Amino acid sequence: MTDSDVSLLLTTVRINTWFGSRSLTSASGFFYRREGRLFLVTNRHVFADVPSEHFPDRIEIALHTDNKDLTRQVYFSIPLYGSGIGIWRQATDTSGIVDVAVIEIDRQRLPAAAVLHSFDASHLEADGEQVVIGDGLTVLGFPLGFHDTIHHLAVARGASIASAYGVRFQQQGYFLTDARTHRCSSGSPVLRRRMHTSHPNASPQSWQLLGIHSTRMDMLTRDPEADESLGLNCAWYADVLETLTQ
């Protein structure tokens with residue numbers, strides 16, 4: 001594994017949700033930095049979801065503590081409420097709730113030895129390249145919680161853009177991806193490798209952050225015995241992060 005591979009994977013963490021001492025669910029998330037402030041990004045439904053009656057009061061992530069020895073980590077707890085009010089940021093648009101949320105991390109609370117990498121506004125740019133349907137993508141995350149349990153690193157799944165990029169699919173703030181995904185992938189970064197980057201060996205700088213994976217898509221009319229699942233997913237456009245981190 002190259003140093004650039006490790007740098008990219010260190011942008012993404014497994015999120016465990018808790019209510020008190022009771023473990024609830026698992027998801028994926030990644031770090032986003034803006035003007036010296038650090039945010040954890042995931043789906044809004046990871047923090048609160050009315051249909052499933054999912055209301056955790058804190059989350060927990062694992063942070064690496066050694067650049068060379070990736071087996072070393074520490075768990076870091078982040079409260080979701082302050083004075084009874086949710087402290088994450090979420091957005092709405094003309095079609096309703098956007099399934100993306102960020103929560104700011106108090107950097108003074110981070111372990112002094114914490115090792116992590118983050119995306120920023122520069123990763124939202126196409127760097128002069130055209131993004132088109134069929135482009136190859138990479139989705140980093142923890143499908144069904146699966147990951148390298150020795151080195152505590154996410155895994156990557158291949159994908160492609162499956163709808164007109166830049167067009168809001170069904171007037172929603174997302175585009176479609178063609179990928180094999182599972183539960184616990186919610187909140188994964190959806191990335192496109194830049195072909196002509198000025199940082200060819202400096203990952204994650206060589207990647208464009210296109211979206212945030214949210215959920216699998218399917219047809220209510222699908223016959224589960226006769227038809228395979230569509231294998232399509234929605235990824236919310238990542239430019240919403242500029243609004244959420246203002």
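Computed values, structure above
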| item | result |
| --- | --- |
| Count of residues meeting criterion [of a type in the set (Ser, Thr, Tyr) and touching a Pro at 6+ places or on another chain (Cβ under 6 Å)] in the stretch 130-149 | 0 |
| Residue check for ILE78: in contact (Cβ under 8 Å) with a residue 12 or more places away in the chain, within 17 Å of the chain's Cα centre (by Cα) and closer than 25 Å to TYR174 by Cβ | no |
| Tabulated pairs, the stretch 17-42, first more than 26 Å from LEU144 (Cβ to Cβ), second among the basic types (Lys, Arg), C-beta under 7 angstrom, 6+ apart or interchain | LEU38/ARG107 |
| Of residues in the stretch 138-167 being assigned to a strand (DSSP E or B), over 16 Å from the mean Cα position of the chain (by Cα) and at pLDDT 95 or above, the one nearest to ARG180 (Cα to Cα) | SER160 |
| Residue in the stretch 202-244 that is nearest to ILE97 (Cα to Cα), counting only those that are in contact with a His (Cβ under 9 Å, 6 or more places away or on another chain) and polar (S, T, N, Q) | SER214 |
| Residue within the stretch 16-26 that is of a type in the set (D, E, K, R) and surrounded by 15 or more Cβ atoms within 10 Å (Cβ to Cβ) present | no |
| Test: residue in the stretch 130-137 that is in a strand (DSSP E or B) and β-branched (Val, Ile, Thr) | no |
| Of all residues making up the stretch 97-119, the number that are charged (D, E, K, R) and modelled with pLDDT under 95 | 3 |
| Given (1) among the hydrophobic types (A, V, I, L, M, F, W, C); (2) touching a helix residue (DSSP H, G or I) at 6+ places or on another chain (Cβ under 8 Å); (3) at pLDDT below 95, number of the condition VAL6 does not satisfy | (2) |
| Enumerated strands (runs of 3 or more DSSP E) restricted to the stretch 174-242, each holding at least 1 residues that are polar (S, T, N, Q) and at pLDDT 90 or above | 174-179, 207-217, 232-237 |
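The values are calculated or read from the model by the stated rules, or taken from the named source; none is laboratory data. Here the structure is a predicted model, which means the values were calculated and not measured. So basically every Cβ, Gly included, is an ideal-geometry build from the backbone, and we count neighbours across all protein chains shown.
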